[in-house]
Structures are given as structure tokens and as C-alpha cells.
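The values are calculated or read from the model by the stated rules, or taken from the named source; none is laboratory data. What you are looking at is a predicted structure, and each value in this text was computed from that prediction instead of being measured. Cβ atoms come from the backbone with ideal geometry, glycine included; neighbour counts cover every protein chain shown.
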Amino acid sequence: MQSKLVVPQVLIVDDFMENLIMIRDIVSSINGVETTIFNNGIDALKALEEKEFALILLDVDMPGMNGFEVAENIKKLNLPITLPIIFITGKDLSGSNAIKGYSSGAVDYILKPFDNNILMSKIRVFLELYKQTKALELEVLQRIQTESKLQSLFDGVPECVCALTRKGMINEMNPAGLCLLDEENLEDVLGLNFLDFIENEDETNFLKDLDSAFDGIGAYNQYKILSSQKNIKWVDINIVPLKSSTNSKETVLCLALDVTEKREVQIKLKESEDELYHQKMELEKKNITLNELHQKAELKYFEIEERIKTNSTKLLVPILERMEAISPGNKKYCEMIINTLNELSNSFTHKFTHELSNLSPKEIEICHLIRNGMSSRGISNSLSLSERTIHTHRNNIRKKLGIARKGINLTTHLQSI
């Protein structure tokens, strides 16, 4: 707030106009001063009710209401400030008159005829006192307004703010702090120890944080507290030193944010993540088992297929040879059947073995799955390999089988072997 320029007002009361004008001219020669003149006490009293004056120069000897009576009536006005009165008189104010003058409110007096310099000196003293008083009033008002704004900010902060002593005693706390501790009245909290709300296992750490703040180093930690209503709450507490405070050696600022709900959400989220991970591991175990069963089934299938073809050759060929020996006329047909069986058996066994001889065991396994019509994604899931890895294997298989650039379908090619 900018300080408002105060212009001191001086009231001059004298029943002689010549005196009024002379005194007014003397006072007006002082820079920054305004004057008001009256020739009687009644008008002067009315003016005092409407306007604030810094000083009154009051003639003692006036008809009707003299200076002493005017001063007594001024005391009854209950003015906001004590109005200094300088009596101006042609009589020596000594003895009982002096006592009467000072008791009626006078602070000084000057005799007529007076020295202008002495009068100006007295006036300047009281005007300076008035200016200092107004400046002090303005400073007090500014402080009150500033404190009011700070108090509004303090009360409006959504997190707990409190002032603590080195031992943890609560000197001040905002409404959010009362809510955190489940308290309603500030009077019930002031003087309590914040440690009483900290869980026992955390008291040592909290005291260390307090000592750190008093040493000029802030501290931040999470604590579990127990409120007045026995509610368990988790709070993030930041204890900071009051570097600009005049009592910084006696108190520190404690900021506490209730994170109970946030912590509960984090715990539930962690539990969900753990459960999902557990389910994933279980699925992976089941997938591995299925892959193993599938591979065993594939191997068993090929084993049975090979056995059937081998046994058919071993069993049928001798019979056909005997039929040929018994009936020479059937020799031609028996030879055709034998050759066909040998061709079927040898073409599958030797050709497939020869074609895949350059492949790795994993590539042979993938070839069997491709030959049975399984897609790359299906093979990826079956063998727990990425589709990118399966595509790499397919490209390597095509290169090793010599069909990399011939536009031949790999599945069709393997089925034709």
C-alpha cells in the first residue's frame, strides 16, 4: 500500500482579527501546513467535530467562552487523537492559572507579544509529532492488512500448515491441519505435541527431521499418523526452517499432505499388477506344456506314418513275391506293385530326409508344423517364439531348400516332398 500524503491542519482561535491574521501568516510560512481560523470558541468546537487537526493555537482571554472553557469542552468531544493545545495569552500563566491551563489539556503556552521564531519552533515540534503519529498509524494499518491477507492465505491452504517448536509442540495450525488431525477447535490443538500423532516407530525419524530443520536444512518424509479419532492416515511431511522469521530459532514450518487415498490406490494397483503377472506366468507354463504335448504328438504322428509305410513294404513285398513264384503269369503285375510300394516308401523317406538334411532341429520342427498347415502366428504361439523369429526361420528354410526366389509356396512344397 502506498502511504497517503498527510497535510497537517492547524486551528487558530483568537477574538482579535489582527492576531488571527498575524498568527495565520506565521503558521502558513511553514511548508505543507493548512490553517483554519475562528474568532470564538463555539465555531472552533464545531470545526473540531468535522475535521481532524494536528494542533490548536488557542487564545486564553476571549469573551463568552474563554480558552480554558474551550479546552475543557474539547476533552468532551472524544476525538480520535489527543489534540495538543498551545495557549496564547497576554498574562503570565503561573501558579493556579498554569495548573488550570495544563489540567484543561494544554501542552504549552506562549506570552504576547511573542517571538515569531519561538512560536514557529514550538509549532514545528508538534507538527513533526503529528506526522510521526500518522506514519505510525499507517504502518500499523498496513501491517494489520498484510497480516489479514496472510491469515486468509494461511487458512485457505488445502494442506496442513503448522508451526512447531524444537520439541514438536504446536504453536499454530490452519484449518486443513485441524481436519487432518480430526480436530475442530484450534484451542484444543495449541500446546499439543505433534509427536503424539506420529506412530511410535517413526518418532525418532521425526525428531531428526525437526533437528535438521532447526539447523537450516529442510527434511521430507512420509509418516503414518493416528488422529484424535483414532483414524490411521499416511502423510507426506515437509519440515522447513523459517529463515526470514524473527523467531526462526524457536519454530519451524511443518507442511503435511494427506496421501492416504493415493497410497491405497497405489497398493491396489500393485496388487492388480502382481495378480496379472501371476496369471501371465501360469498361462506361460500352460503354453509350454501344450507346446511339449503338441511336439510329442507331431513326432508320434511322423513315427506312426513312417512305421506304416515301412511295414506295408516289409509285409506286402514278400507276399507279392510268393504270388509271383506261384503264378508266373502274375509276375508282371507283382513287379509293378512291388516297384510302386518301393517307390512310395523310398520317395517319402529318402527324399524328405534328403531335403531336410541341411536344416537345424528347430527348422525341421518348424517344417513339420508348416507341412501340417499351421500359420506363422500359430507356430509362434506353439513354440513360444516371436512371429519375427518364425519369419526368419521360414526364410532360412526356403534358402536351404533352394526355393528362396522361385515363388514357390513353402507349405505346398513341403507337402509335395
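Looking only at residues in segment 26-53 that are small (Gly, Ala, Ser) and not in a loop (DSSP other than H, G, I, E, B), which one is farthest from Leu127 (Cα to Cα)? Here the residue is Gly41.
To keep it simple, each residue is scored yes or no on (1) of a type outside the set (Gly, Ala, Ser); (2) modelled with pLDDT of 85 or more; (3) part of a helix (DSSP H, G or I); (4) over 22 Å from Asn287 (Cβ atoms).
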| site | (1), (2), (3), (4) |
| --- | --- |
| Leu344 | yes, no, yes, yes |
| Phe348 | yes, no, yes, yes |
| His354 | yes, no, yes, yes |
| Asn358 | yes, no, no, yes |
| Cys367 | yes, yes, yes, no |
| Ile379 | yes, yes, yes, no |
| Ile390 | yes, yes, yes, no |
| Gln415 | yes, no, yes, yes |
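Each residue in segment 48-86 was checked for being of a type outside the set (Asp, Glu) and touching a Ser or Thr at 6+ places or on another chain (Cβ under 6 Å), and 3 of them qualify.
Flag not set for Asn73, criterion: modelled with pLDDT of 85 or more, touching a helix residue (DSSP H, G or I) at 6+ places or on another chain (Cβ under 7 Å), under 16 Å from Ile30 (Cβ atoms) and not hydrophobic (A, V, I, L, M, F, W, C).
Might you let me know whether segment 30-40 holds any residue that is touching a helix residue (DSSP H, G or I) at 6+ places or on another chain (Cβ under 7 Å) and either free of Cβ contacts under 8 Å to residues at least 24 places away in the same chain or exposed (fewer than 15 other Cβ atoms within 10 Å of the Cβ) (or both)? Looking for residues that are touching a helix residue (DSSP H, G or I) at 6+ places or on another chain (Cβ under 7 Å) and either free of Cβ contacts under 8 Å to residues at least 24 places away in the same chain or exposed (fewer than 15 other Cβ atoms within 10 Å of the Cβ) (or both), one finds at least one in segment 30-40, hence yes.
The set of residues in segment 365-417 that are closer than 25 Å to Leu293 by Cβ and of a type in the set (Ser, Thr, Tyr) comprises Ser375, Ser376, Ser380, Ser382, Ser384, Ser386, Thr389, Thr411. Kindly indicate which of Ile56, Ile23 is in contact (Cβ under 8 Å) with a residue 40 or more places away in the chain and in a helix (DSSP H, G or I). The unique qualifying residue is Ile23. Here segment 252-282 is the region considered, the condition is being of a type outside the set (Gly, Ala, Ser) and not in a helix (DSSP H, G or I), and the residue that is farthest from Asp182 (Cα to Cα) is Val252. The numbered conditions (1) part of a helix (DSSP H, G or I); (2) at pLDDT 90 or above are all true for Lys285 except (2). For segment 195-223, a residue qualifies if it is part of a helix (DSSP H, G or I) and among the β-branched types (Val, Ile, Thr), and exactly one does: Thr204. Considering only segment 188-207, I want to know if a residue exists there that is surrounded by 12 or more Cβ atoms within 10 Å (Cβ to Cβ) and touching a Cys at 6+ places or on another chain (Cβ under 9 Å). Scanning segment 188-207, I find at least one residue that is surrounded by 12 or more Cβ atoms within 10 Å (Cβ to Cβ) and touching a Cys at 6+ places or on another chain (Cβ under 9 Å), so the answer is yes.
Matching residues to (1) among the aromatic types (Phe, Trp, Tyr); (2) out of contact with any strand residue (DSSP E or B) (no Cβ under 8 Å at 6 or more places or on another chain); (3) farther than 29 Å from Leu138 by Cβ; (4) at pLDDT 95 or above:
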| site | (1), (2), (3), (4) |
| --- | --- |
| Gln2 | no, yes, no, no |
| Ile26 | no, yes, no, no |
| Lys51 | no, no, no, no |
| Asp61 | no, no, yes, no |
| Gly64 | no, yes, yes, no |
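Entry remark, segment 62-77: residues being touching a residue at least 40 places away in the same chain (Cβ under 8 Å) and more than 13 Å from Ala44 (Cβ to Cβ) number 1 in total. Restricting segment 167-183 to residues that are part of a loop (DSSP other than H, G, I, E, B) and under 25 Å from the mean Cα position of the chain (by Cα), the residue that is nearest to Lys233 (Cα to Cα) is Leu181.
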